[in-house]
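This report concerns only the one structure given below.
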Amino acid sequence: MQITKKDVQKVLQEYPTLNYSGFGLFESGKALSSKEKLVELQKQQEELCSALKEIQHTYDWLDDVQQIKSINTKIGSYGLKHDAEKSALSGYISNGCFIAGAILKGFKVQINEPNAYFNMSNKDLNRKRNP
């Protein structure tokens with residue numbers, strides 16, 4: 001599947017607090033007014049929609065990771081994004097891009113702001129983390 005901006009916009013409809021940094025505004029939003037928070041969220045969501053290469057890399061990186069029935073809380077999106085970026089051409093993948101790629105791949109998500117957990121096989125993740 002080739003990830004498009006439309007695909008990412010569908011993810012944002014389902015997860016309206018997802019943005020380039022992950023879920024919510026975390027540190028950057030603490031001192032902002034409600035209006036400023038909305039503007040910042042929209043800015044970071046636009047950034048997410050523009051980061052198609054990062055999302056595509058995540059989507060492809062997850063090709064050989066099996067879905068399991070329950071959410072795996074042993075490793076979250078922030079740790080996994082570091083593993084995925086080791087093979088990224090740019091050398092970087094944002095937390096939000098990893099989350100979006102995993103959702104597009106069909107994984108279930110459990111939000112743990114700003115990060116997320118997924119129903120990913122620990123065995124497969126360990127194999128990818130320690131080749």
How big is the dipole moment of the chain about its Cα centre under a simple scheme where the beta carbon of each Lys and Arg is +1, that of each Asp and Glu is -1, and everything else is neutral? Debye, nearest 20, please.
300
Quick check: from the Cα gyration tensor, does the range 41-116 come out rounded (a/c under 1.5), prolate or oblate?
oblate
Global form of the chain, assessed from the alpha-carbon gyration tensor, a/c cut-off 1.5:
prolate
Report the Cα centroid-to-centroid distance between the range 108-126 and the range 1-73 in angstrom, as an integer.
14
For the range 100-112, in residue order, the Karplus 3J(HN,Hα) values (coefficients 6.51, -1.76, 1.60; θ = phi - 60°; whole Hz; Gly and Pro = x) are 4, x, 5, 5, 5, 6, x, 6, 6, 10, 10, 6, 9
How about the range 53-119: which chymotrypsin sites (Phe, Trp or Tyr not before Pro) there are in a DSSP loop, with at most 14 other Cβ atoms within 10 Å of their Cβ?
Y92
List the residues, sorted by chain then number, that are 5 or more residues from F23 or on another chain and whose placed amide H is less than 5 Å from its amide H.
N115
Once amide H atoms are placed 1.01 Å from N in the peptide plane, what residues at a sequence separation of 5 or more from L32, or on another chain, have their amide H within under 5 Å of its amide H?
none
For a footprinting-style exposure proxy, rank D7, D63 by other Cβ within 10 Å, fewest first.
D63, D7
If each DSSP helix of 4+ residues adds -39,500 (n - 2.57) and the sum is divided by the residues in the chain, what number results at 222 nm, nearest 500 deg cm²/dmol?
-15000 deg cm²/dmol
Spelling it out for N72: with amide H atoms placed in the peptide plane at 1.01 Å from N, the residues 5 or more places away or on another chain with amide H under 5 Å from its amide H are F118, N119, M120
Report the extension gain between K86 and E40 in nm, rounded to one decimal, defined as 0.36 nm multiplied by the number of residues separating them, less their alpha carbon distance.
13.7 nm
Which of Q67, Q2, G79, positive extreme of dipole for the chain (C-beta unit charges):
Q67
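Every number in this text was worked out from the coordinates using simple rules, so none of it is lab data. Values in this document were obtained by computation on a predicted structure and should not be read as measured data. All Cβ positions, even for glycine, are placed from backbone atoms using ideal geometry, and neighbour counts span all protein chains on display.
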